[in-house]
1. I want to confirm something. Restricting to the stretch 123-175 and keeping residues that are in contact with an Asp or Glu (Cβ under 8 Å, 6 or more places away or on another chain) and within 27 Å of residue 355 (Cα to Cα), which single residue is modelled with the highest pLDDT?
2. Quickly run through the stretch 208-249 and pick out the residues that are farther than 22 Å from residue 412 by Cα, part of a helix (DSSP H, G or I), away from the ligand (no atom under 14 Å from the Cβ) and touching a Gly at 6+ places or on another chain (Cβ under 9 Å).
3. All but one of (1) within 23 Å of residue 121 (Cβ to Cβ); (2) away from the ligand (no atom under 14 Å from the Cβ); (3) polar (S, T, N, Q) hold for residue 338; which doesn't?
4. Could you go through the stretch 75-90 and let me know if any residue there is assigned to a helix (DSSP H, G or I), more than 23 Å from the chain's Cα centre (by Cα), closer than 14 Å to residue 384 by Cα and among the hydrophobic types (A, V, I, L, M, F, W, C).
5. Kindly check whether there is at least one residue in the stretch 357-374 that is among the polar types (S, T, N, Q), over 23 Å from the mean Cα position of the chain (by Cα) and either at pLDDT below 90 or loosely packed, with under 15 Cβ neighbours inside 10 Å (or both).
6. Just name the residue that is surrounded by the fewest Cβ atoms within 10 Å (Cβ to Cβ) out of those in the stretch 250-275 that are within 21 Å of residue 219 (Cα to Cα) and not β-branched (Val, Ile, Thr).
7. Is it fair to say residue 186 is outside any loop (DSSP other than H, G, I, E, B), farther than 26 Å from residue 53 by Cα and more than 16 Å from the ligand (Cβ to nearest atom)?
8. If you scan the stretch 184-217, which residues turn out to be among the aliphatic types (A, V, I, L, M) and over 28 Å from residue 319 (Cβ atoms)?
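The values are calculated or read from the model by the stated rules, or taken from the named source; none is laboratory data. Not measured: the values here are computed from a predicted model. Cβ placement follows ideal geometry from the backbone for every residue including glycine, while neighbour counts extend to all protein chains displayed.
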Amino acid sequence: MVERETWATRVGFLVAAIGSAVGLGNLWQFPFKTAANGGAAFVVFYLIAVTLIGFPALLAEFVVGRRTRRNVVGAFEDLGGPGWRVVGGVALFTGFWILSYYNVVGGWVLRYVLGSATGAYFDDPGAYLSAVASGPEAVAAQLLFLAMAVGIVAMGIENGIEKATKVMVPSIVVLMLALAAWALTLGGAADGLAYFLSPDVGSLVDNAWTVVPDAVGQAFFTLSLGMGIMVTYASYVGEDDSLPVDGGVIVVSNTLIGVLAGVVVFPILFAEGIDPATSGPTALFEAMAAAFASLPAGRLLGVVFFGVVALAALSSAISLLEVAVSYATDNTDASRPTLAVGAGVVLFLLGLPSALDTGEPGGFSAWFVWFDAIAYKLLLPLSVLLVVVFVGWVLGRDAVAELREGSPGSDGLATVWLWTLRLIVLGGIIVTLRLGIGSLFLAEDAAFFAPF
Ligand code: PHE
């Protein structure tokens, strides 16, 4: 077994974890899910879900990782015995599942950076999207994106992930702030912000049932939970770091960047007269592209916007790849680069259906939608549920002891955390899972059977 690396600095860990959290989930899914769920009301549920459910669950993953310093499967085995390996196994599986199609979208984003620079989509954004979204070009772009992630992970924790994210994350923040400042000067700014940020209480109440599962799923996805990522990243953290403080910094930064994404996207859509409610997953690409095509300095703005999205997607993809590589390095003698390439090959093959399926003409790949629905509605909540049951009810007081390590004076808070995990988080996930399974398997047009 190769010796285990650690983060060189605490900031290194924080930045890498923020890099993992900030990704397509914030910059692409959050705006379009907000739009699909009626605007600001969704934002309210999302913020509640992040604070009450996501944050405590994040700390649960940290506790498991730091206590054991092992990969995600080994960590649960160390703490709970061989039977609990299954929790790590589900997380590993969920991560691979998600990364398989995440890479495909990562590939699209790279194409849009290029397309902005050359102006390739300026004449016909719709046609460009259909050419890029699926088929051989999508496969090639997916491969390029994956190769970049594999390259960084192959270089290791300190020299690869830590160094890369230290450049990427600050760039994301600066460029997003610049884009937001510019978006606020557009004619659509006031309407866009109102749509995004002033919730209508009536629609909050009416839609609670359908919005809750999406909001909770989004909270897990955006905080990189349920995929073993935060367990793995915390396994390289020292005993004198305060997990609640680090977790708080990560949650707040991630949320602010998500909100910033809305502040960029909605004014642009409103300025261009594009109805956000019609901008589904691909439509958001198309709408943003259409906006850049008609704006002065559109090429530059397009390169910056899609460039930020590409950086964010890449710093997330490497965190997921690291979960698999860390598992393999703990269990074999093969070198890190070999293992990174091996994981990349598996992911490439898994992503092929999403990259190849053309779906409806000009529409969204059917396989892609299927992969995404299973991830959101079933795998993520199930995986987080297992972690929460384990940490809350099996580890219990040991988990509290680990959380307090490195944060003196947090005794009372740690106990509040445990009970939040045991009751609120658990209850919230069970409701989410029940609703998700309903729409996957039991509803008319059940999503699970859709692509067959
Ligand atoms: N938190 C990431 C995001 O918001 C989710 C993610 C992480 C997805 C790693 C894939 C890989 O995009």
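1. Per the stated criteria, the residue is 153.
2. Passing the criteria: 211, 212, 213, 216, 234.
3. Condition (1) is where residue 338 drops out.
4. yes
5. yes
6. Among residues in the stretch 250-275 that are within 21 Å of residue 219 (Cα to Cα) and not β-branched (Val, Ile, Thr), the one surrounded by the fewest Cβ atoms within 10 Å (Cβ to Cβ) is 256.
7. no
8. Residues satisfying the conditions are 184, 186, 189, 190, 193, 194, 197, 201, 204, 205, 208.
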